[in-house]
Amino acid sequence: MHPTIKRMMEIVASGEDEKIREILAEQVAFLPPTYWKTWTGREPVAAVLGHVGQVFSDFRYRRVMGEGKDWALEFQCKIGEFDAVGVDLITLDDDGLIETFEVVMRPYKSVGALREAMNARVMTDARFLKFREALS
């Protein structure tokens with residue numbers, strides 16, 4: 001397993017955006033499961049993933065598939081009272097940092113709960129004022 005993927009599995013659910021930032025490429029693209037928009041850049045993506053780590057509970061990776069630069073990590077978690085299953089689709093750059101991070105999830109009710117929780121957090125986090133256009 002690639003060292004970045006191994007590190008990601010250790011820290012992504014921690015909610016510690018400082019640690020998450022270390023494994024992201026400068027121009028990382030994050031495609032969330034909650035809407036059709038892309039977050040771009042290490043700072044906003046680390047901040048978003050930090051919040052996600054705090055919204056998810058009982059998070060664990062169930063399967064890891066991939067090699068080289070392309071990886072798929074299947075996970076399960078809870079969002080409030082709802083169970084969820086998802087897949088992190090990861091592409092690494094030439095330096096081994098995360099270049100693209102796309103998340104797909106089900107069921108719909110859980111994704112809706114994630115969107116509500118994330119919107120509440122992002123809209124009250126002062127760091128996001130400069131990234132507000134990413135939410136528009």
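Throughout, read-outs are computed from the coordinates displayed, never taken from laboratory work. Everything numeric in this text was worked out from a predicted model, so none of it was measured. Positions of Cβ are generated from backbone atoms using ideal geometry, with glycine treated the same way; all protein chains shown enter the neighbour counts.
If R0 is 22 Å, the Cβ-Cβ spacing of Thr40 and Glu10 corresponds to a FRET efficiency of close to 0.35. Residues of region 40-57 with the amide nitrogen closer than 12 Å to a label point 7 Å from the Cα of Glu18, along Cα-to-Cβ, please. No residues fall inside that zone. Semi-axis lengths, largest first, of the ellipsoid equivalent to region 3-126 are 21, 17, 13 Å, with √(5λ) applied to each eigenvalue of the Cα gyration tensor. In summary, the lysines within cross-link reach of Lys78, defined as a Cα separation below 16 angstrom excluding same-chain residues under 8 places away, comprise Lys109.
Using a Gaussian network model of the chain in which every pair of alpha carbons under 10 angstrom is joined by a spring, one finds that among Gly80, Gly15, Gly53 the greatest mean-square fluctuation is at Gly80. Overall, the anisotropy analysis places region 4-61 in the oblate class: the square-rooted eigenvalues a ≥ b ≥ c of its C-alpha gyration tensor yield a/c not less than 1.5, with a/b not exceeding b/c. Looking only at Met65, Met118, Met105, which one moves most when the chain is put into a Gaussian network model with springs between Cα atoms under 10 Å? Checking each option, the largest mean-square fluctuation is seen for Met65. Modelled spin-label separation between Glu26 and Lys69, with each label point placed 7 Å from Cα along the Cα-to-Cβ direction: 1.7 nm.
In the chain, taking the dipole from charged Cβ atoms about the Cα centre, the farthest positive-side position among Ala13, Ala29, Thr40 is held by Ala13. Summarising the label geometry, the points placed 7 Å from Cα in the beta-carbon direction at Tyr108 and Thr124 lie 2.9 nm from one another. Cross-link reach is defined here as a Cα-Cα straight distance under 13 Å, omitting same-chain residues fewer than 8 places apart; for Lys19 the aspartates and glutamates meeting it are Glu10, Glu43. Each Lys and Arg Cβ is given +1 and each Asp and Glu Cβ -1; about its Cα centre, the chain then shows a dipole of about 440 debye.
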